[in-house]
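One structure is given here, and the rest of the page talks about it.
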Amino acid sequence: MKHALITGGSHGIGLATALAFGGLGYRVTITGRSQERLVQAGARIAAAGGMCLPIAADALTDTHSAVIMEGLRQSPGVDILVNNVGGGGHWGEPLPGVTPWSTWQEVYWKNARAAAELTMALAPQMAVRGWGRVVTVSSIHGKEAGGRPWIAMAKAAEIALMKSFAQVPYFVRNKVTFNTVAPGALMIPGTWSEEEAQLDPEGFDKRQAALPLGRLGTAEEVAAVIAFLCSPQASYVNGACFVVDGGESKIF
């Protein structure tokens with residue numbers, strides 16, 4: 001039975017991925033800040049067919065990775081790591097010079113630092129066992145900028161992190177691969193997209209109409225790509241960044 005760890009797994013892309021893995025019968029560990037949301041997500045994962053271990057951990061603390069590693073101490077080794085926890089794209093002010101440096105730091109910690117620490121902790125264990133998958137959820141802003149600069153910087157760092165690990169022979173020749181998924185605009189309940197749709201439905205509809213597919217994507221559509229990258233069928237996919245944006249970005 002595969003064991004997958006998904007950070008930020010109590011909602012959004014993380015939960016959709018956890019449910020996909022649960023449907024495959026995987027043992028799933030999810031992390032998040034809210035114990036209530038973790039319990040609710042765990043029940044859904046169990047109903048999908050998976051075994052779930054919830055771990056309460058805050059990516060903005062110095063102890064984030066240590067708390068997770070301690071929570072995993074009695075669990076079987078992690079075969080799949082999905083670095084999903086992140087956010088901060090709407091923090092601060094639109095004018096960069098007005099936003100304090102602490103916002104830049106917090107966004108970087110919540111995204112790139114959290115991914116780096118767990119990848120460093122778990123990839124060597126995967127290599128010893130001879131198989132593993134690490135997928136980090138970045139953003140199209142990490143590939144072509146856009147949005148507020150602190151989130152673009154952090155998300156670009158995540159892509160570089162995966163590409164760098166993907167070129168280390170010790171890991172990849174022991175069948176551990178490293179890839180990135182870069183979503184575009186998504187409709188995720190409980191986030192800014194739902195709030196925008198409620199506060200300004202006309203403006204939200206116009207924004208959607210301007211997208212190539214005429215709509216925002218879903219967490220499940222991103223999770224499907226993550227599930228593929230974590231499968232045996234993706235054994236030769238390494239160091240790639242998969243854009244899941246319905247054609248929104250202008251990159252190739």
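No value in this document is a laboratory result; all are computed from the given coordinates. Keep in mind that this is a model prediction, so the values were computed, not measured. As a convention, Cβ positions derive from the backbone with ideal geometry for all residues, glycine included, and neighbour counts pool all protein chains shown.
The 3J(HN,Hα) values that the Karplus relation (6.51, -1.76, 1.60; θ = phi - 60°) gives for segment 155-164 are, in residue order, 6, 5, 4, 5, 5, 5, 4, 5, 5, 5 Hz. Gly and Pro appear as x. With unit charges on the beta carbons (Lys and Arg positive, Asp and Glu negative) and the dipole taken about the Cα centre of segment 102-252, which residue among Gly130, Thr177, Met187 sits farthest to the positive side? Highest projection toward the positive end goes to Gly130.
Filter Lys110/Lys163; Lys143/Lys175; Lys110/Lys250 down to the pairs with a C-alpha to C-alpha distance above 24 Å, please.
Beyond 24 Å: Lys143/Lys175; Lys110/Lys250.
Other residues whose C-beta falls under 13 angstrom from the C-beta of Ser75 contribute a net charge of +1, scoring Lys and Arg +1 and Asp and Glu -1.
Length available on full extension from Met1 to Asp58: 0.36 nm per residue minus the Cα-Cα distance, which gives 17.8 nm.
Relative to the Cα centre, the charge distribution of segment 160-220, modelled as +1 at Lys and Arg Cβ and -1 at Asp and Glu Cβ, gives a dipole magnitude of about 680 debye. Shown here for segment 63-126: trypsin sites (Lys or Arg not before Pro) in loop regions (DSSP other than H, G, I, E, B) with at most 14 other Cβ atoms within 10 Å, namely Arg73.
Are there any trypsin sites (Lys or Arg not before Pro) in segment 204-252 that are in a DSSP loop and have at most 10 other Cβ atoms within 10 Å? List them by number.
Loop-located and lightly packed - Lys250.
Charges were assigned to the Cβ only: +1 to each Lys and Arg, -1 to each Asp and Glu. The resulting dipole of segment 14-151 about its Cα centre is roughly 340 debye. Panel order for Tyr26, Tyr236, Tyr170, by other beta carbons found within 10 Å of each beta carbon, from fewest to most: Tyr236, Tyr170, Tyr26.
Remark: relative contact order (segment 85-155) = 41 percent; criterion is Cα-Cα distance under 8 angstrom and separation of 6 or more residues. Taking the charge dipole of the chain about its Cα centre, with +1 at Lys and Arg Cβ atoms and -1 at Asp and Glu Cβ atoms, the residue from Gln233, Phe21, Gly42 reaching farthest to the positive side is Gln233. Relative contact order for the chain: 18 percent, from Cα pairs under 8 Å spaced at least 6 residues apart, divided by residue count.
The charge dipole of the chain, taken about the Cα centre with unit charges on the Cβ atoms of Lys, Arg (+1) and Asp, Glu (-1), comes to about 960 debye, rounded to the nearest 20.
Neighbours of Val176, meaning other residues whose beta-carbon lies under 13 angstrom from its beta-carbon, give a summed charge of +3 when Lys and Arg score +1 and Asp and Glu score -1.
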